[in-house]
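The values are calculated or read from the model by the stated rules, or taken from the named source; none is laboratory data. Quick caveat, the model's predicted, so the values are computed rather than measured. Neighbour counts are summed over all protein chains in view; Cβ atoms, including those assigned to glycine, are modelled from backbone coordinates with ideal geometry.
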Amino acid sequence: MTCFWDSLYSALKTEDFQAAGIPKKPRTTRDLLDVLVSRNRICDHVTVNCTFPTESQKNELYDWIREYDRSKISDGHWTGCCDPFLVLVCEVFRVAVRHFYKGALPGFDFDTVTVYSHTNFRRVVEFGANASHFFLR
């Protein structure tokens, strides 16, 4: 299941890569993952729901991507409420991301939105998700 990577790939345009100093869009989702891992950094310009992550959190996000097993790209990606790759996408491509999530617990349905925002974002990208699928809105 590569819905997370497919959605990121579809959302990012050639102009986004050029703005990040990458001459052209990668050819595949695996290539996109390689670009993100190679551009991994401490993300000092991104807020999550209007709050900057702490230094410890920024280090954890960086380490999580650094240790990510790229061979498991087809196994799916469990998107968290402060997802390391969404934070990095905002930092590298200077975009804001709205991540809408529809979930359920026994006896309780809920909708949440997490907003990731670069301090100088160029455009907004929206994704949706539920317990089993991530998609471009």
Q. Hey, any hits in the stretch 121-135 for a residue that's part of a helix (DSSP H, G or I), under 12 Å from the mean Cα position of the chain (by Cα) and modelled with pLDDT of 95 or more?
A. no
Q: Mind counting the residues in the stretch 29-58 that are free of Cβ contacts under 8 Å to residues at least 12 places away in the same chain and in a loop (DSSP other than H, G, I, E, B)?
A: 2
(Q) Cβ-Cβ distance below 8 Å, separation of 6 or more or different chains: which pairs start in the stretch 1-19 with a residue that is touching a residue at least 60 places away in the same chain (Cβ under 8 Å) and of a type in the set (A, V, I, L, M) and end on one that is in a helix (DSSP H, G or I) and surrounded by 14 or more Cβ atoms within 10 Å (Cβ to Cβ)? (A) L8/T29; L8/L32; L8/F85; L8/V89; L12/L32; L12/V89; L12/F93; A19/F93
Q | Residues satisfying the stated conditions in the stretch 115-125, i.e. surrounded by fewer than 15 Cβ atoms within 10 Å (Cβ to Cβ) and more than 13 Å from V46 (Cβ to Cβ) | A | R122, R123, V124
Q.
What's the total number of residues in the stretch 93-105 that are part of a strand (DSSP E or B) and in contact (Cβ under 8 Å) with a residue 60 or more places away in the chain?
A. 1
Q.
Under 7 Å between Cβ atoms, which residue pairs at least 6 apart in sequence (or on different chains) link something in the stretch 106-121 that is farther than 16 Å from A20 by Cβ with a partner that is modelled with pLDDT of 95 or more and in a loop (DSSP other than H, G, I, E, B)?
A. T114/N49; V115/N49
